[in-house]
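First comes the structure, then the notes that go with it.
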Amino acid sequence: MTEYVYLNGEYVDIAKASIPVRTHAFLYGTAVFEGIRAYWNEDEKQLYVFRAKEHYERLQRSAKIMYMESPYTVEEYCKITVDLMKKNNYKEDAYMRPTLYKSAQQVGPGLFNNPDSFMIISNKMGDYIDTSKGLSVCISSWRRNSDNAIPPRAKVAGGYANAALIKTDAHNAGFDDAIVLDEQGKVTEGSAMNLFIIQNGKLVTTMKTDDILVGVTRNTIMELAKDVLGLEVEERAIDRTELYISDEAFYCGTGAQVSPIVKIDNRKLGDGNVGPIAKDLQKLYFEVVKGKVPKYKKWCMPVY
């Protein structure tokens, strides 16, 4: 069966889709992107794209930081996404990667005199991280790139060299992932996902100004925790050693979804098993993204 990508205004057979080797984004990492999931609801025979609007709003913010002109409105991006999903006829969970990129065929890092192009690739995708078990993570020796270097607030392709080093070194050391500190030694997030810790029944996460990508899933979890589970949520700076004495912790993100952490730097959290709050949030999240919670069905964009 033919699989399609969206490339510069056309739906193209993926086997025939290509960009030139001198493309600026390839040479210099000058692209901004989003990761968006779609979830298959078997009971309704429906595929729901989760929070597409919020993802494309963030894409536009990233574009502004990188001197890019967004070629479409949020509504147009959403329609293109639905049409691509229909053409690929997915009947299972899927993933989309919209990318706005600098497409000049030139050597030199400048973002001026450098046109913008847009594409979406997609594929079937289950769990990026095994969410059924608790993760063992470490504190990375690498530091998160800062807002005054390659701003994490913008989802810039080149900035993910930082995440690649963090993830790879953690894997090579026998861990599932890593938690990253900033240059001052304060906690930021995971390799490519946001982080929550739980202390005495309260969710604690880093602030928007703590060199993090302000996650769509992060915002989702905060709302669900407060409005559905009645939990208190606090945004503040987090010290490294606070991680070790927390009752629970978990990652969240489009890829990570809700991934409980049971061990940090070889120290058990709680009794070393997935904690009850992370488990409840994970269960609720998977119901919400599949359109099974009426209050939050507004976040689920149907494909069929």
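Relative to the longest principal axis of the chain, what angle (0 to 90°, nearest 10) does the C-alpha long axis of helix 276-289 take? Approximately 20 degrees, to the nearest 10. Each Lys or Arg adds one and each Asp or Glu subtracts one; over the other residues with Cβ under 15 Å from the Cβ of ILE65, this totals +1. For the residues THR30, THR209, THR2, a 1.4 Å probe over the protein chains yields an accessible-area ranking, largest first, of THR209, THR2, THR30. Using just its DSSP H runs of length 4 or more, each adding -39500 (n - 2.57), the chain gives a mean residue ellipticity at 222 nm of -8000 deg cm²/dmol after division by all residues.
So for segment 84-197, averaging the separation of alpha carbon pairs under 8 Å that are six or more residues apart and normalising by length, what relative contact order in percent results? Computed value for segment 84-197: 20 percent relative contact order.
Taking every C-alpha pair closer than 8 Å and separated by at least 6 residues, the mean separation divided by the residue count of the chain gives a relative contact order of 20 percent. Remark: segment 24-73 carries 44 Å² of accessible area per residue (probe radius 1.4 Å; ligands, DNA and RNA excluded). Principal-axis analysis of the Cα atoms of the chain puts helix 52-65 at an angle of about 80° to the longest axis. Within segment 220-250, name every residue whose backbone N is under 12 Å away from a label modeled 7 Å from Cα of LYS202 along the Cβ vector. Zone members listed by number: 232-237. The solvent-accessible area of TYR251, taken with every protein chain present and a 1.4 Å probe, is close to 0 Å². Applying a threshold of 25 Å to the alpha-carbon distances of LYS167/LYS290; LYS202/LYS268; LYS268/LYS295; LYS87/LYS283 flags LYS167/LYS290; LYS268/LYS295; LYS87/LYS283 as lying beyond it.
When a 1.4 Å probe is rolled over the protein heavy atoms, the share of accessible surface on the chain that falls to carbon and sulfur comes to 51 percent. A Förster radius of 30 Å combined with the Cβ-Cβ distance from ASP280 to ALA149 puts the calculated FRET efficiency at roughly 0.20. Measure nothing fancy, just the Cα-based angle from helix 74-88's long axis to the longest principal axis of the chain, in degrees from 0 to 90, nearest 10. Computed tilt is about 80 degrees. Extension gain for GLU242 to LYS226 (0.36 nm times residue separation, less C-alpha to C-alpha distance): 3.5 nm. For the chain, taking Cα atoms only, Rg and Dmax work out to 19.4, 57 Å respectively. Counting only residues at least eight positions apart within a chain, or on another chain, the lysines with an alpha carbon under 18 Å from that of LYS102 are LYS64, LYS155.
Note: relative contact order over segment 12-93, using C-alpha pairs below 8 Å and six or more positions apart, is 29 percent. For the residues LEU229, LEU59, LEU281, a GNM of the chain with alpha-carbon springs under 10 Å puts the largest fluctuation on LEU229. Averaged over its residues, segment 148-304 has an accessible area of 42 Å² per residue, based on protein heavy atoms and a 1.4 Å probe.
The values are calculated or read from the model by the stated rules, or taken from the named source; none is laboratory data. Just so it is clear, the structure is predicted and the values come from calculations on it, not from any experiment. Note: ideal-geometry Cβ built from the backbone for every residue, glycine included; neighbour counts use all protein chains shown. Please note that ligands, DNA and RNA were not included when accessible areas were found on the heavy atoms of the full protein model with its side chains. Shrake-Rupley method; radii C 1.70, N 1.55, O 1.52, S 1.80 Å.
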